[in-house]
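As structure tokens, the structure follows; a few thoughts come after it.
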Amino acid sequence: MKTNYITSLDDIVQLNHAQRNALANVTEHFDFRATDYYLSLIDWSDPNDPIRRLIIPSVEELDGTGQMDPSNEHAYTIMPGLEHKYHSTALLLVCDICAGICRYCFRKRLFLNPRQETLQDIAGAMDYIRSHPEITNVLLTGGDPLILSAGRLDKILYSLRDIEHVQIIRIGTRMAAFNPFRILNDPELLNVLAKHSTPEKRIYIMNHFSHPRELTAPAIHAIDQMLQSGIVLTNQCPLIRGVNDNPDTLAELWRKLSFIGAVPYYLFQCRPALGNSAYTVPIEEGYAIVEQAKSKVSGLAKRARYVMSHATGKIEIIGLTEGEVFFRYHRAADDADSGRILVFKRNPDARWLDDYSNPILDYPAEKPAGLQEAD
């Protein structure tokens, strides 16, 4: 099957003239891109259809709230397209195109200034990684790396495999959801991935399925083909208002992912990027949804960690009491903070760590003697 890319709402016949006009201002600010395959999954008779909410613009995006760089990625940028936030992990933004643009995208800035954000100097990036032997993991992202040609991707993977201390290569992609035929119809792509995923050094594909209805027969077939190519598969997605913010829906998603071999990895707190407010769920409500969903699934399906990618690190939401909410640094930008636990008074409206006041307790990872009262 040939998949067509759609970049204009004028090409979506299911939207009437008034609807397209109402959304024209949104697409002037935030890009729209989809595939005809993905649009075919929408139940157009349902204005609240979750697939529609994932891909079709909404006037809610123009509320003016949020930041262009909510996780402060610029602070960890070594050169355009190369970030080094965590000690053992480098991130490469290898392209500025996705098969579809999620409405809750936290890298909207990428589509506005691609040359300032994506990798332009591959050789320079490889030299940096080569000179930092602590880097054992490299994450390819963007944009979507699987939109690159097989030959282009092969050159990047070959360069990384030429660096002895790079053990794991991760590829963040939504391709199996947006356009599984990109995987199914290009055997060379699978050959390239298989070639560089060795018994000693695996390639991990970090899939991004956000709703059970994205797990169609072609998508599952694409997952199977990648598994047969020797790739390790996981899934990560954000918690999104109106899409998967229901324990039954989230449990169904995790359950199906575990069945097909793309085991749940992270469930992200939706980042407060510009235009994302309507897609976010308050943290404490999100925690309750996650715990209810986990109660409905088996061990493999409940491996997902509920985290936020904060400027200071990846922070897991680990508990609630009647009056407190508990966080732990799953991985901190400052290695000394990894494992650190923070306790705050509850705030049911908080959607990001910065929405809480000073912690009432702070348990530094390097001081395991007991909880410390915060200053």
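Does Ala194 qualify as being assigned to a helix (DSSP H, G or I), aliphatic (A, V, I, L, M) and under 21 Å from Arg255 (Cα atoms)? In short, no.
Being surrounded by fewer than 20 Cβ atoms within 10 Å (Cβ to Cβ), touching a residue at least 40 places away in the same chain (Cβ under 8 Å), closer than 30 Å to Asp121 by Cα and not β-branched (Val, Ile, Thr), is that true of even one residue in region 3-17? Yes, there is a match, as at least one residue in region 3-17 is surrounded by fewer than 20 Cβ atoms within 10 Å (Cβ to Cβ), touching a residue at least 40 places away in the same chain (Cβ under 8 Å), closer than 30 Å to Asp121 by Cα and not β-branched (Val, Ile, Thr). Residues in region 1-21 that are of a type in the set (A, V, I, L, M) and either closer than 25 Å to Ile97 by Cα or assigned to a loop (DSSP other than H, G, I, E, B) (or both): Met1, Ile6, Leu9, Ile12, Val13, Leu15. Considering Cys237, Cys270, the condition of being more than 19 Å from Phe178 (Cα to Cα) and either in contact with a Lys or Arg (Cβ under 7 Å, 6 or more places away or on another chain) or touching a residue at least 12 places away in the same chain (Cβ under 8 Å) (or both) is satisfied by Cys270 alone. Thr136 versus (1) over 21 Å from the mean Cα position of the chain (by Cα); (2) among the hydroxyl-bearing types (Ser, Thr, Tyr); (3) more than 26 Å from Tyr37 (Cβ to Cβ): which is the lone unmet condition? Tallying (1) over 21 Å from the mean Cα position of the chain (by Cα); (2) among the hydroxyl-bearing types (Ser, Thr, Tyr); (3) more than 26 Å from Tyr37 (Cβ to Cβ), Thr136 fails exactly one: (1). Listed conditions (1) surrounded by 20 or more Cβ atoms within 10 Å (Cβ to Cβ); (2) under 17 Å from the mean Cα position of the chain (by Cα); (3) not charged (D, E, K, R) are all met by Ala125, apart from (2). Would a scan of region 205-224 turn up a residue that is assigned to a loop (DSSP other than H, G, I, E, B) and acidic (Asp, Glu)? Checked against the condition, which is being assigned to a loop (DSSP other than H, G, I, E, B) and acidic (Asp, Glu), region 205-224 yields no hits at all.
Of all the residues in region 124-142, those that are closer than 19 Å to Asp96 by Cβ and either modelled with pLDDT of 95 or more or not small (Gly, Ala, Ser) (or both) number 6.
Exactly one residue out of Gly286, Gly313 is closer than 25 Å to Cys105 by Cβ, touching a His at 6+ places or on another chain (Cβ under 9 Å) and of a type outside the set (Ser, Thr, Tyr): that is Gly313. In region 22-44, the qualifying residues are those that are within 19 Å of Leu184 (Cα to Cα) and outside any helix (DSSP H, G or I), and the one that is nearest to the chain's Cα centre (by Cα) is Ala34. Residues of region 301-336 that are part of a loop (DSSP other than H, G, I, E, B) and over 20 Å from the mean Cα position of the chain (by Cα): Thr321, Glu322, Gly323, Asp334. Counting only residues that are touching an Asp or Glu at 6+ places or on another chain (Cβ under 7 Å) and in a loop (DSSP other than H, G, I, E, B), region 273-288 holds 3 of them. The condition (being on the phi > 0 side of the Ramachandran plot and surrounded by fewer than 22 Cβ atoms within 10 Å (Cβ to Cβ)) is satisfied by just one residue among Asn113, Asn72: Asn72.
Examine region 45-59 for a residue that is at pLDDT 95 or above, surrounded by fewer than 16 Cβ atoms within 10 Å (Cβ to Cβ) and within 19 Å of Leu274 (Cα to Cα), and state whether such a residue exists. Yes, some residue in region 45-59 is at pLDDT 95 or above, surrounded by fewer than 16 Cβ atoms within 10 Å (Cβ to Cβ) and within 19 Å of Leu274 (Cα to Cα). Between Gln120, Gln116, the distinction of being assigned by TED's automatic domain parsing to the domain that holds Leu190, touching a helix residue (DSSP H, G or I) at 6+ places or on another chain (Cβ under 9 Å) and within 10 Å of Gly81 (Cβ to Cβ) belongs to Gln116 only.
Against the test of being closer than 30 Å to Glu285 by Cβ and surrounded by fewer than 20 Cβ atoms within 10 Å (Cβ to Cβ), the options Pro212, Pro238, Pro199 yield a single qualifying residue, Pro212.
Quick one: would you say Gly230 is under 21 Å from Gly81 (Cβ atoms), of a type in the set (Gly, Ala, Ser) and surrounded by 16 or more Cβ atoms within 10 Å (Cβ to Cβ)?
no
Listed here are the residues, each with its yes/no results for (1) closer than 30 Å to Leu184 by Cα; (2) touching a strand residue (DSSP E or B) at 6+ places or on another chain (Cβ under 9 Å); (3) not aliphatic (A, V, I, L, M).
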site: Asp69; (1), (2), (3): no, yes, yes
site: Ile78; (1), (2), (3): no, yes, no
site: Tyr86; (1), (2), (3): no, yes, yes
site: Leu91; (1), (2), (3): yes, yes, no
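Being at pLDDT 95 or above, farther than 30 Å from Lys155 by Cα and not charged (D, E, K, R) holds for only one residue in Ala217, Ala222, and it is Ala217.
The values are calculated or read from the model by the stated rules, or taken from the named source; none is laboratory data. Remember, it's a predicted structure, so these values are computed and weren't measured experimentally. Here the Cβ is made from the backbone with ideal geometry for all residues, glycine too, and neighbour counts use every protein chain on show.
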